[in-house]
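The values are calculated or read from the model by the stated rules, or taken from the named source; none is laboratory data. From a predicted model like this one, the values you see are computed outputs, not experimental measurements. Because the Cβ atoms are built from the backbone with ideal geometry, glycine has one as well, and the counts that use them run over all protein chains shown. Ligands, DNA and RNA are stripped out before the accessible areas are found, and what is left, the full protein with its side chains, is counted by its heavy atoms. Shrake-Rupley method; radii C 1.70, N 1.55, O 1.52, S 1.80 Å.
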Amino acid sequence: MSAVPAGFRTTASGYAIDLDRREAEVLVSLASDSGRLITANPEFVSLLTPDAYPDDPDASDEFARYTSDDLGRARVAELALLQAAPLDGGDFLVTAAEADDVLRGLGFLRLLLSDSAGEPDAESPEDSSADESRPMRSAVSQWLAWLQESLIAALDGGAAADE
Amino acid sequence: MTFLSEAPEQTAQATPTPRWAVIVWDDPVNLMSYVSYVFRSYFGYGRDRAEELMMLVHTTGRAAVADGAREAMEGHVAALHGYGLQATLEPLS
C-alpha cells in the first residue's frame, strides 16, 4: 500500500504532520542519538560550523569560544523538540513558537548525515558516490529535507492566511 | 545651529568605523527554500529580497547579506550558524 505523503498542515495551535511508526522511530532515534553525541562532545557542533574569520584563525577561535556553548545548548533543545514525535505514529505537533527550532533541528540532522561522506547537492540528489551506508543516509536526508520544506510551506501558508 | 568651536570635535567623530560584511556561502546541504526562509525570518527581508540573495548564493557561491559594525555582524554570523548556514565575516575596505 502506498499513499501520497501529506506534509505539515496548519492547526489551531501551529502545525502537525501524520507520521507512521517507522518514520517517527527514525526521527526520534536520529534526534536522540545526535543529542547524546553533542552532550558528550560539545565541540562536535563547532566542527560543522565554518570559521567566522576565514583568514584569521585566532579571531575564529575566539569567536567559536564565545558562541559554541550557546550553539550547543540550542542544538540540544532543537533536537529535544524532534524527539517529541509520537513513537507509535500519529500526529507530530509543532507549535508556532517551536517551528523555527524544528526547522533548525531538521537542518542540523541533514548536516550530520552529510558530514562523513559528503552530501549530494540538495537540488540534485541523484549525484552520489559509492559508500555502503550512503543510500540509507541519502534517503533519510531527503526525507528530512521533505519534512523541512513541508513545514516551511505550511509556515508560508499560515502567514498568507493571516494576512 | 553650529558654532565654529565645535568643528574640531565633529572632525574627530567623522573617523569612519570599520564596517564588516556577513557573507553566506553556498553549501550542498541546505535547501534553497530553507536559505530563503532564514533570510526572511531572521533578517526580516521581504520575499523578493530573500529570494534574490538566496539565488546569488546558489549561482555565484556567496552573497553579502548584511553589513555594519563588527560586533553587530558577529551577532548575525552566530545566528546564521544557529540556522546551520555557512556564514563568515569579511572586512569592507
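Output the qualifying pairs, or none if there are none: Cβ atoms under 8 angstrom, residues six or more apart or on different chains, first residue in the range B:31-48 and at the interface with another protein chain (Cβ under 9 Å from one of its Cβ atoms), second residue of a type in the set (D, E).
Pairs found: B:L31/A:E123; B:L31/A:E149; B:M32/A:E123; B:S33/A:E149; B:Y34/A:E149; B:S36/B:E51; B:S41/A:D100.
Can you report the number of residues in the range B:34-64 which are among the hydroxyl-bearing types (S, T, Y) and open to solvent by less than 10 Å² (accessible area, probe 1.4 Å)? Talk me through it step by step, then tell me what you get.
First, pick out the residues of the range B:34-64 that are among the hydroxyl-bearing types (S, T, Y): B:34, B:36-37, B:41-42, B:45, B:59-60.
Narrowing the set further to residues that are open to solvent by less than 10 Å² (accessible area, probe 1.4 Å) leaves B:34, B:36.
The number of residues fulfilling the criteria is 2.
Can you give me the number of residues within the range B:51-87 that are within 22 Å of A:R110 (Cβ to Cβ) and either assigned to a strand (DSSP E or B) or of a type in the set (K, R) (or both)?
5
For the range A:23-36, give me each residue that is open to solvent by 60 Å² or more (accessible area, probe 1.4 Å) and free of Cβ contacts under 8 Å to residues at least 12 places away in the same chain.
Step one: list which residues in the range A:23-36 are open to solvent by 60 Å² or more (accessible area, probe 1.4 Å), which gives A:25, A:33, A:36.
Those that are open to solvent by 60 Å² or more (accessible area, probe 1.4 Å) and free of Cβ contacts under 8 Å to residues at least 12 places away in the same chain: A:D33, A:R36.
Let's see how each residue does on (1) modelled with pLDDT of 95 or more; (2) assigned to a helix (DSSP H, G or I); (3) more than 12 Å from chain B (Cβ to nearest Cβ); (4) crowded, with 17+ Cβ neighbours inside 10 Å:
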{"position": "A:S68", "(1), (2), (3), (4)": "no, yes, no, yes"}
{"position": "A:V94", "(1), (2), (3), (4)": "yes, no, yes, yes"}
{"position": "A:S114", "(1), (2), (3), (4)": "no, yes, no, yes"}
{"position": "A:D127", "(1), (2), (3), (4)": "no, no, no, no"}
{"position": "A:A130", "(1), (2), (3), (4)": "no, no, yes, no"}
{"position": "A:A145", "(1), (2), (3), (4)": "yes, yes, no, yes"}
{"position": "A:Q148", "(1), (2), (3), (4)": "yes, yes, no, yes"}
{"position": "A:L151", "(1), (2), (3), (4)": "yes, yes, no, yes"}
{"position": "A:A160", "(1), (2), (3), (4)": "no, yes, no, no"}
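Give me a count of the residues in the range A:15-73 that are farther than 29 Å from B:I23 by Cβ and in contact with a strand residue (DSSP E or B) (Cβ under 6 Å, 6 or more places away or on another chain). Steps first, please.
So in the range A:15-73, the residues farther than 29 Å from B:I23 by Cβ come out as A:15-33, A:35-36, A:39-40.
Keeping just the survivors that are in contact with a strand residue (DSSP E or B) (Cβ under 6 Å, 6 or more places away or on another chain) gives A:15-19.
Qualifying residue count, the range A:15-73: 5.
Just one of (1) open to solvent by less than 80 Å² (accessible area, probe 1.4 Å); (2) charged (D, E, K, R); (3) in a loop (DSSP other than H, G, I, E, B) trips up A:D51, so point out which.
(1)
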